[in-house]
Amino acid sequence: MSATIEARLVNPFYLSLLNGNFVEEDANIATRAAEAARAASDLEIERLLAKPDWRGRLCAAWFIGLSRRAHFVPRIGDLLARDTTYAGQGYCAALGLIGTQECVGHLNFYLESGREDLRSWVIDALAQIEGATLAGAGSQHAGDRTFCGIVAFLRDHQIISRPDLAAMSDVEAICREIYAETRAHYDAVRSVLGSAALGFRVLYGPPVVGAPYVFLGFQPGGTKDESDEGQHNSWPDQSWYTTSNAPLARQLRYVFGIDTVKHSGLNMVFFRAPRLTAWDRIEPSVKAELERFSLERVERLVAALAPQHLIVIGLRTFRQLAHGDGDTVLRGKRDNRLVAQGTFGGCLTSGIVHLSGARVSGEDRKLLREYFNPGILS
């Protein structure tokens, strides 16, 4: 376990999460744990779950429950069935907080095994899910606490019931589901793609509901599979548009004045290709299926993120997405088309000339900047 992950996600929380100790501590500790749960990537959580130290697994399991990452339920159920350390409390908490029928199945499987070490936690997790007092529910934990009481504490202090956190948790659950679907789809077609199997990328920053802008390009570039960088598991901690020195990112910052992390992005096609000509060489039926798969999930992501303004990078991509040219709302110095407008998924959508892939003059960049940021002094 890296010192960075341990310092951020384990050391500050494990003693408070153990036995639900945060109930007798400052509620801010539980709030910080919930915030850490939302910030932790799937890859970081997977690393914690894979480590032999129970402290990391305890925290990872609580984070899964607090952020409602239902795709981890099979893994948590497997760990519950064989792990006899304190981390088991976290597995029960995760299943109790997520509360699906699959969670109930894993908890019942534990009870049927005859084990006793986590019986009170398991019974209370089931009671929490079913909203009823089961036989044996309410048995005492260390510090005279039950899991149902712990959940009541979290709700009383608006840690798991604040509307903004609940909405964000739902959106993150949708995003993580799409990552899981894309991983499975990519694995299924990888052998067919052969040398064209270069991985995929879904989001270019954390999912933010109602962001001023979400940017949408055609396809992530790349000449090698970069899945080892974590892009197949989750989104980056910071928006690519605010941190990258790539020409497109720099130009977008100039035009849109984006200097915060409240902007994310995606592509109409998730799967990488070094250039469009290489993508067009893929067997047509495979290419069409990958494009269909991606577009269906783009529609789900845009609906979930509900940005104030969807910016499509490249007028050709805009035509494909909007099924037409849209309305021209800004022309350049040579009467060239700079911005087209339409809608996608009920969201205000603007297509802009590609800022790094097209020859855009300095005067036209200035026009774009003034159009999208009329208050900016050039």
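The values are calculated or read from the model by the stated rules, or taken from the named source; none is laboratory data. Source: prediction; values computed, not measured. Glycine also receives a Cβ, built like all others from the backbone with ideal geometry; neighbour counts cover every protein chain displayed.
Per-structure values
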{"read-out": "Sole exception among (1) modelled with pLDDT of 90 or more; (2) aliphatic (A, V, I, L, M); (3) not assigned by TED's automatic domain parsing to the domain that holds Lys287 for Ile178, by number", "value": "(3)"}
{"read-out": "Any hit, the stretch 1-22, residues being among the small types (Gly, Ala, Ser) and within 18 Å of Ala180 (Cβ to Cβ)", "value": "no"}
{"read-out": "The stretch 280-326, residues that are charged (D, E, K, R) and without any contact (Cβ under 8 Å) to a residue 40 or more places away in the chain", "value": "Asp280, Lys287, Glu291, Arg292, Glu296, Arg319, Asp325"}
{"read-out": "Residue check for Pro74: farther than 22 Å from Ser234 by Cβ and surrounded by fewer than 20 Cβ atoms within 10 Å (Cβ to Cβ)", "value": "no"}
{"read-out": "Counted residues, the stretch 257-290 - those being closer than 30 Å to Gln308 by Cβ and modelled with pLDDT under 90", "value": "9"}
{"read-out": "Which listed residue, of Val255, Val189, Val202, Val209, is outside the structural domain of Ala70 (by TED's automatic domain parsing), touching an Asp or Glu at 6+ places or on another chain (Cβ under 8 Å) and β-branched (Val, Ile, Thr)", "value": "Val189"}
{"read-out": "Complete set of residues in the stretch 256-279 that are touching a residue at least 60 places away in the same chain (Cβ under 8 Å), in contact with a Phe, Trp or Tyr (Cβ under 6 Å, 6 or more places away or on another chain) and aliphatic (A, V, I, L, M)", "value": "Ala273"}
{"read-out": "Neighbours by Cβ (under 8 Å, 6+ apart or cross-chain): first from the stretch 359-378, over 17 Å from Ala249 (Cα atoms) and outside the structural domain of Pro247 (by TED's automatic domain parsing); second in a loop (DSSP other than H, G, I, E, B) and modelled with pLDDT of 95 or more", "value": "none"}
{"read-out": "Hits in the stretch 329-376 (condition: among the polar types (S, T, N, Q), surrounded by 13 or more Cβ atoms within 10 Å (Cβ to Cβ) and more than 27 Å from Val209 (Cα to Cα))", "value": "Asn336, Ser356"}
{"read-out": "Filter pass, Ile5 being over 29 Å from Asp156 (Cα atoms), in a helix (DSSP H, G or I) and of a type in the set (Val, Ile, Thr)", "value": "yes"}
